[in-house]
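Here is the structure we will look at.
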Amino acid sequence: MLNFNFQLPTRILFGRDRISELGKEVRKYGNRVLLVYGGGSIKKTGLYDRVIESLNSNGISYVELSGVQPNPRITSVREGVKLCRDNQVELVLAVGGGSVIDCAKIIAAGVNYEGDPWDFFIHNARITGALPIGTVLTLAATGSEMNANAVISNEDTGQKLDISSRHLYPRFSILDPTLTFTVPPLQTAAGTADIMSHVFEQYFSPTPGGFIVDRMAEAMLKTCIHYAPIAIAEPNDYEARANLMWTGTVALNGLLSTGRETDWGVHEIEHVISALYDVTHGVGLAILTPHWMRHILSARTAPKLADYARRVWDIVGDDDMVVASLGIEKTAAFFRSLGLAANLREVGVEESRLEEMADQVTANRQPLGAFGQLNRSDVLAILRAAY
Ligand code: NZQ
Ligand code: ZN
């Protein structure tokens with residue numbers, strides 16, 4: 001295990017009906033809010049009315065930024081920053097999934113910066129502060145509700161870039177599993193693939209040791225494998241939704257990367273795909289992950305991949321290469337069983353652009369990843385296999 005610092009400033013309010021505490025929580029930070037939400041699911045589900053009621057009954061005024069898209073755009077961020085400035089907003093409240101939360105985070109940071117918020121992503125400026133951020137999570141997937149990251153797309157440049165800053169931690173997040181009952185099957189599946197991918201990116205580490213973190217990671221993977229099919233078949237199953245929700249949060253709040261180097265190669269490849277084709281993040285990850293695993297399987301990586309196969313999929317056998325391969329096939333079959341696409345063609349990617357994608361992914365850094373160590377030719381081989 002390597003040395004590490006670990007600190008989580010986000011207060012989690014988990015469980016049924018915690019939304020009634022929203023107004024009280026917001027008031028700790030002020031009484032003028034920017035309410036950020038997506039394409040309207042919160043209006044259809046009635047959550048919008050509950051949020052407004054809680055704000056109103058606590059004397060909190062609000063302005064709204066609606067229509068934040070999946071793979072959120074920098075244009076929405078700019079709009080939000082202007083709304084905050086024009087209305088002296090004191091807290092940015094995200095009600096939605098990872099896209100809405102990420103957008104809210106960069107709005108909050110953008111208010112403190114005179115220039116264009118895209119500067120943060122291209123390293124022209126550092127985030128030095130942000131308005132307080134609060135979230136009401138409606139989809140189990142990204143972990144953004146308890147982490148310091150945000151991912152934003154720029155349509156003009158065709159880029160989707162991520163950033164991390166301690167100023168981006170939400171002050172509080174309300175996690176009511178019943179708010180995810182309405183998440184459609186495909187989004188439930190994509191969210192699960194995203195959660196599992198977050199675990200993989202940290203579990204498949206070149207750092208030796210870390211027994212405790214590995215066992216936690218395996219528990220999270222098993223939780224996803226057990227509960228995702230239940231949540232898809234029975235969308236109102238509270239235990240299934242609650243377990244997926246909490247797993248999504250703890251899978252990417254920093255806990256699993258304590259004491260180790262992490263990979264993130266698959267995420268970097270996926271971000272280029274969802275920047276160019278607006279593919280759902282979790283769908284892209286589900287397609288790529290088994291191909292990444294197959295590509296990096298070697299005498300060096302086989303013991304860990306076999307460990308995964310034995311402990312998560314209960315595969316028995318002495319030959320690490322064989323056991324690892326069986327675990328990889330189980331992973332691919334599981335994603336397909338959730339109804340996720342199996343190749344890039346199915347999600348509209350053009351074969352003629354694979355080279356360009358490999359260039360983009362490796363433009364700033366080679367090799368990519370830590371466990372996997374991918375050069376441009378490796379990335380291209382994975383994209384071709386996934387096509
Ligand atoms: O826009 P609305 O109408 O709200 O509908 C959304 C959207 O269409 C819908 N939805 C959300 N909650 C719902 C619901 N529909 C019915 N009932 C509900 N309760 O689901 C769709 C997808 O929402 P989105 O927020 O895009 O999904 P997700 O949470 O998967 O977020 C994906 C984004 O987060 C980024 C991804 O790259 C992508 O841009 N990521 C953020 C990370 C982070 N901040 O740490 C890490 C991740 O690796 C990831 O990159
Ligand atoms: Zn992800």
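The values are calculated or read from the model by the stated rules, or taken from the named source; none is laboratory data. All figures in this text were calculated on a predicted structure; none of them were measured in a lab. Cβ: placed from backbone, ideal geometry, glycine included. Neighbour counts: every protein chain shown. All accessible areas refer to the heavy atoms of the entire protein, side chains included, with ligands and DNA or RNA removed. Shrake-Rupley method; radii C 1.70, N 1.55, O 1.52, S 1.80 Å.
I'd like the full set of residues that are outside any helix (DSSP H, G or I) and in contact with a Gly (Cβ under 8 Å, 6 or more places away or on another chain), limited to region 303-333.
Across region 303-333, the qualifying residue is only Ile315.
The rows are residues; the columns are (1) more than 16 Å from ligand 2 (Cβ to nearest atom); (2) among the β-branched types (Val, Ile, Thr); (3) within 23 Å of Lys44 (Cα to Cα).
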site	(1), (2), (3)
Ser173	yes, no, yes
Pro185	yes, no, yes
Phe200	no, no, no
Ala219	yes, no, no
Tyr227	yes, no, no
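Condition first: at pLDDT 95 or above, crowded, with 17+ Cβ neighbours inside 10 Å, more than 14 Å from ligand 1 (Cβ to nearest atom) and within 27 Å of Ser257 (Cβ to Cβ). Can you find one or more residues in region 142-162 that meet it?
No, region 142-162 contains no residue that is at pLDDT 95 or above, crowded, with 17+ Cβ neighbours inside 10 Å, more than 14 Å from ligand 1 (Cβ to nearest atom) and within 27 Å of Ser257 (Cβ to Cβ).
Before we move on, is Val379 in the same structural domain as Met196 (by TED's automatic domain parsing), in contact (Cβ under 8 Å) with a residue 60 or more places away in the chain, within 21 Å of the chain's Cα centre (by Cα) and within 19 Å of His267 (Cβ to Cβ)?
Details: in the same structural domain as Met196 (by TED's automatic domain parsing): yes; in contact (Cβ under 8 Å) with a residue 60 or more places away in the chain: yes; within 21 Å of the chain's Cα centre (by Cα): no; within 19 Å of His267 (Cβ to Cβ): yes.
Against the criterion (in the same structural domain as Met196 (by TED's automatic domain parsing), in contact (Cβ under 8 Å) with a residue 60 or more places away in the chain, within 21 Å of the chain's Cα centre (by Cα) and within 19 Å of His267 (Cβ to Cβ)), Val379 does not qualify.
So, Arg18, is that one over 25 Å from the mean Cα position of the chain (by Cα), within 16 Å of ligand 1 (Cβ to nearest atom) and surrounded by 15 or more Cβ atoms within 10 Å (Cβ to Cβ) or not?
It is false that Arg18 is over 25 Å from the mean Cα position of the chain (by Cα), within 16 Å of ligand 1 (Cβ to nearest atom) and surrounded by 15 or more Cβ atoms within 10 Å (Cβ to Cβ).
State the number of residues belonging to region 277-292 that are within 13 Å of ligand 1 (Cβ to nearest atom) and not hydroxyl-bearing (Ser, Thr, Tyr).
Qualifying residue count, region 277-292: 9.
Which residues, taken from region 217-226, are open to solvent by 50 Å² or more (accessible area, probe 1.4 Å) and in contact with a helix residue (DSSP H, G or I) (Cβ under 7 Å, 6 or more places away or on another chain)?
Lys222
Restricting the search to region 87-118, which residues are of a type in the set (D, E, K, R), open to solvent by 10 Å² or more (accessible area, probe 1.4 Å) and within 18 Å of the chain's Cα centre (by Cα)?
Once the filter is applied, which keeps residues that are of a type in the set (D, E, K, R), open to solvent by 10 Å² or more (accessible area, probe 1.4 Å) and within 18 Å of the chain's Cα centre (by Cα), region 87-118 yields only Asp102.
Looking for whichever is more than 20 Å from Ser165 (Cα to Cα), in contact with a Lys or Arg (Cβ under 7 Å, 6 or more places away or on another chain) and outside any helix (DSSP H, G or I) here; the options are Val33, Val89, Val63, Val68. Which one fits?
Answer to the selection: Val89.
State all residues of region 237-249 that are surrounded by fewer than 23 Cβ atoms within 10 Å (Cβ to Cβ) and either of a type in the set (Asp, Glu) or touching a helix residue (DSSP H, G or I) at 6+ places or on another chain (Cβ under 8 Å) (or both); if no residue qualifies, say none.
Result: Asp237, Tyr238, Glu239, Ala242, Asn243.
Among the residues of region 334-342, is there at least one that is in contact (Cβ under 8 Å) with a residue 40 or more places away in the chain, of a type in the set (Ser, Thr, Tyr), outside any loop (DSSP other than H, G, I, E, B) and more than 16 Å from ligand 2 (Cβ to nearest atom)? Steps first, answer last, please.
Let us first name the residues in region 334-342 that are in contact (Cβ under 8 Å) with a residue 40 or more places away in the chain, namely 334-335, 337-342.
Then drop every residue that is not of a type in the set (Ser, Thr, Tyr), which leaves 337.
Filter once more, keeping what is outside any loop (DSSP other than H, G, I, E, B): 337.
Next cut, more than 16 Å from ligand 2 (Cβ to nearest atom) only: 337.
Yes: region 334-342 contains one or more residues that are in contact (Cβ under 8 Å) with a residue 40 or more places away in the chain, of a type in the set (Ser, Thr, Tyr), outside any loop (DSSP other than H, G, I, E, B) and more than 16 Å from ligand 2 (Cβ to nearest atom).
So Thr135 passes all but one of these: (1) open to solvent by less than 10 Å² (accessible area, probe 1.4 Å); (2) assigned to a helix (DSSP H, G or I); (3) not hydrophobic (A, V, I, L, M, F, W, C). Which condition number does it fail?
Exception for Thr135: condition (2).
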